[in-house]
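Presented below is the structure to which this report refers.
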Amino acid sequence: MEGSIGERFQKTLQQIEQARQRASRSTQPVKLVVVTKGHPVTAVEQAIRAGVRTLGENYVQEGVEKILAITGVEGLEWHMIGHVQSRKANLICEHFDWMQSLDSLKLAQRLNRFAGERGRIQPVLLECNVSGEESKFGWPAWDEQKWDGLLDAFEEIAASSNLQVRGLMTMPPFFDDPETARPYFRRLRRLQEFLARRLPQADWNELSMGMSADFEVAIEEGATIVRVGTAIMGVRPN
Ligand SMILES: *Cc1c(COP(=O)(O)O)cnc(C)c1O
């Protein structure tokens, strides 16, 4: 892979800006979460020296270890982006600024309780499965005729006083050709519009979609948060 982490970070920021300008509908800035799963603390520190402040991790234990190892840096923001068992909810509230992969009511209830005990409000995104792939976590959202079935749970989450719903997250199937992912990004945006109509009491503004292979297409389709690992950090060592 060409260049340093810093060069690839800057290049990705430029590509994000160009894609944002192509996307006529989006004037909102796009947040870049640099995904560091599978990379050692030294690599994360390199990214931080290059100016990265927003970091994403998939596994609770690995993420917490890095968060505790990296001290004395102002303004870091850590996002949990992987599936979390509800018994680990307390660690999310303790260590992560954002919970992007909220995929069950049980986890929401526990996050709400632990956030309350800590006197904090936990920003969350609801992870939705818009492809129907069984290997994917997330609320079942591939059949647009059945979106009504999501409303009771989402309403309860939106009413949780220590959770702050901010929008939706998805992980479409992996394709070599990013164009193939476009219909899934569009579906998540339609779901966002549906929820903004049906549950206007919550904030559905954020759409977290797009990874190394397809973040530009995701931004063209309205992503406000992209999660980029390999294109910046390089191939994961394990
Ligand atoms: C690993 C991962 C990413 C980043 O993937 P890359 O292809 O390395 O950019 C983004 N989101 C989630 C949920 C991931 O698990």
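The values are calculated or read from the model by the stated rules, or taken from the named source; none is laboratory data. Given the structure is predicted, the values throughout are model-derived calculations rather than measurements. We place every Cβ from the backbone using ideal geometry, glycine too, and count neighbours over all the protein chains shown. With ligands, DNA and RNA removed, areas are computed over all heavy atoms of the protein, side chains included. Shrake-Rupley method; radii C 1.70, N 1.55, O 1.52, S 1.80 Å.
Residue pairs whose Cβ atoms lie under 9 Å apart, separated by 6 or more positions or on different chains, with the first residue in the stretch 179-193 and without any contact (Cβ under 8 Å) to a residue 24 or more places away in the chain and the second crowded, with 22+ Cβ neighbours inside 10 Å and among the hydrophobic types (A, V, I, L, M, F, W, C), are P183/V130; E193/W204.
Output yes when any residue across the stretch 19-32 is at pLDDT 95 or above, open to solvent by less than 50 Å² (accessible area, probe 1.4 Å) and farther than 16 Å from A218 by Cβ, and no when none is. Within the stretch 19-32, not a single residue is at pLDDT 95 or above, open to solvent by less than 50 Å² (accessible area, probe 1.4 Å) and farther than 16 Å from A218 by Cβ.
Summed over the stretch 110-124, residues that are part of a helix (DSSP H, G or I) and not hydrophobic (A, V, I, L, M, F, W, C) total 5. With basic (K, R), modelled with pLDDT of 95 or more and in contact with a Ser or Thr (Cβ under 8 Å, 6 or more places away or on another chain) as the only criterion, which of R118, R190, R186, R110 stands out? Testing whether each residue is basic (K, R), modelled with pLDDT of 95 or more and in contact with a Ser or Thr (Cβ under 8 Å, 6 or more places away or on another chain) leaves just R110. Applying the set (1) open to solvent by 30 Å² or more (accessible area, probe 1.4 Å); (2) within 14 Å of R227 (Cβ to Cβ) to E74 leaves exactly one unmet item: (2).
Taking the stretch 1-17 as the range and being at pLDDT 95 or above and either among the polar types (S, T, N, Q) or under 15 Å from P237 (Cβ atoms) (or both) as the test, the residues that pass are S4, I5, Q10, T12, Q14, Q15. Taking the criterion of being farther than 19 Å from S135 by Cα, surrounded by 15 or more Cβ atoms within 10 Å (Cβ to Cβ) and of a type in the set (G, A, S), the residues of the stretch 87-122 that qualify are A89, A108, A115, G116. Cβ separations smaller than 8 Å between residues 6+ apart or across chains give the following pairs from the stretch 224-238 residues that are modelled with pLDDT under 95 to residues that are near the ligand (Cβ under 7 Å from one of its atoms) and assigned to a loop (DSSP other than H, G, I, E, B): R236/K37; R236/G229.
Cβ-Cβ contacts under 6 Å between residues 6 or more apart (or on different chains), taken from a first residue in the stretch 27-42 that is more than 13 Å from I67 (Cα to Cα) to a second residue that is open to solvent by 50 Å² or more (accessible area, probe 1.4 Å) and within 13 Å of the ligand (Cβ to nearest atom), are listed as G38/R236; G38/N238.
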